[in-house]
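A.B. asks: Got a structure for you, questions after.
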Amino acid sequence: MVRDLLGRYIWMVDTIERYGRITREKFNELWARSPYGNGEPMPRRSFYNYRNGIEEAFGIVIGYDPSTFEYFIDNHSDSNEAARNRWLIDSVSVSGMLGDARNISGRVVLENVPSSRRHLATVLDAMKQGRRLRFSYRSYNESTPKDRQVNPYFVKIFKQLWYLIGYNVDDKAIKTYSLDRMGSVSLTEAKFEMPPNFNPEDFFADSFGIITDSSRPERVTLRVSRWLANYLRALPLHKSQREEIHENYSLFHYRMQVTSDLIEEIMRYGSNITVLEPKELRLRVTNELRKCMENYTLH
């Protein structure tokens, strides 16, 4: 029953958001054709109950314009809770669309996210209960696994892998762990509370990817081809992205840390991208390209 109600909430938010502004008449027409409507419009009482339930569950407010008799997602009322819940709404919305398309399931190809199968549920459970996790972990530069005790702060997905970011009680530091390298994951009896001023979005605010450090963000300028500019407009590298359009290329300006994740992302675009600044980033990319060429040098 709870899962069905969640699906109804998600459908309602997704439908109103896709239309931008929608009347009850149009909404009821779409509801009747949905998997939940059974050919009937949504009762007025249910509409207002769902509307209140969505605000309580997700922090998302469905506004109403009496001059046009239209409902809309009130973006001005966005809260941190609403932003954090976007991943849930998007994920369940896509899941619902795929469920309605079973007859073409063989023509829908999805990316594999192996790290979500084994430990994600346990990690999320620990986060909900505010309990410390214990697990074995072997990083790529370690030969044997080591035991870790971590207060799980939040999780993040990046390039098909889930990561746990939490406070390592032995090292007394916030660290990042890939779920696919974790083993023997269990909840301990130890309780923890999130630091009052800690914000997961702020933790990676100055970086691209899953790596962050104590370095100050720098001005980064990339010259990209006209083709790649279209891609970066659709999928920005960072929230600070600003574009300067020229005839055959674009300059993209950022303010972020120089990390190995950023270097790898730049290199994957090959000749379609050139680092103009900072000098440190330009040199590091140049060195990596030189090493690549050495691998292909015939002796």
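The values are calculated or read from the model by the stated rules, or taken from the named source; none is laboratory data. If you're wondering where the values come from, they're calculated on a predicted model, not measured in any experiment. We place every Cβ from the backbone using ideal geometry, glycine too, and count neighbours over all the protein chains shown.
A.B. asks: From the residues in region 52-76 that are more than 27 Å from the chain's Cα centre (by Cα) and outside any strand (DSSP E or B), which one is surrounded by the most Cβ atoms within 10 Å (Cβ to Cβ)?
C.D. replies: Within region 52-76, the match that is surrounded by the most Cβ atoms within 10 Å (Cβ to Cβ) is F69.
A.B. asks: Continuing with the same structure: Which residue, of Y231, Y296, is of a type in the set (S, T, Y), out of contact with any strand residue (DSSP E or B) (no Cβ under 9 Å at 6 or more places or on another chain) and surrounded by fewer than 16 Cβ atoms within 10 Å (Cβ to Cβ)? So that I can check it myself, show each step before the final result.
C.D. replies: Working: Y231 fails: out of contact with any strand residue (DSSP E or B) (no Cβ under 9 Å at 6 or more places or on another chain).
Result: Y296 is the single residue among Y231, Y296 that is of a type in the set (S, T, Y), out of contact with any strand residue (DSSP E or B) (no Cβ under 9 Å at 6 or more places or on another chain) and surrounded by fewer than 16 Cβ atoms within 10 Å (Cβ to Cβ).
A.B. asks: Please work out which residue is farthest from the chain's Cα centre (by Cα), limiting yourself to region 151-178 and to residues that are of a type in the set (A, V, I, L, M) and more than 14 Å from P195 (Cβ to Cβ).
C.D. replies: The first filter runs over region 151-178 and keeps only residues of a type in the set (A, V, I, L, M), leaving 155, 157, 161, 164-165, 169, 173-174.
Pick out the ones that are also more than 14 Å from P195 (Cβ to Cβ) and you get 155, 157, 161, 164.
Numbers: V155: 9, I157: 6, L161: 11, L164: 13 Å.
Filtering first and then ranking leaves L164.
Residue-by-condition table, conditions (1) at pLDDT 90 or above; (2) more than 14 Å from S186 (Cα to Cα); (3) assigned to a loop (DSSP other than H, G, I, E, B):
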| site | (1), (2), (3) |
| --- | --- |
| F135 | yes, no, no |
| E142 | no, yes, yes |
| N151 | yes, no, no |
| F154 | yes, yes, no |
| G166 | yes, yes, no |
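A.B. asks: Could you tell me whether E55 is within 15 Å of L6 (Cα to Cα) and among the acidic types (D, E)? Walk me through how you get there before you give the answer.
C.D. replies: Values: within 15 Å of L6 (Cα to Cα): yes; among the acidic types (D, E): yes.
Spelling it out, E55 is indeed within 15 Å of L6 (Cα to Cα) and among the acidic types (D, E).
A.B. asks: Quick one: in region 19-51, which of the residues that are touching a strand residue (DSSP E or B) at 6+ places or on another chain (Cβ under 8 Å) and not in a helix (DSSP H, G or I) is surrounded by the most Cβ atoms within 10 Å (Cβ to Cβ)?
C.D. replies: I22
A.B. asks: Could you tell me which residue of region 153-197 is surrounded by the most Cβ atoms within 10 Å (Cβ to Cβ), considering only residues that are under 12 Å from Y137 (Cβ atoms) and of a type in the set (G, A, S)?
C.D. replies: G166
A.B. asks: If I filter region 198-209 down to residues being surrounded by fewer than 17 Cβ atoms within 10 Å (Cβ to Cβ) and of a type in the set (D, E, K, R), which single residue comes out as farthest from the chain's Cα centre (by Cα)?
C.D. replies: The extreme case among them is D202.
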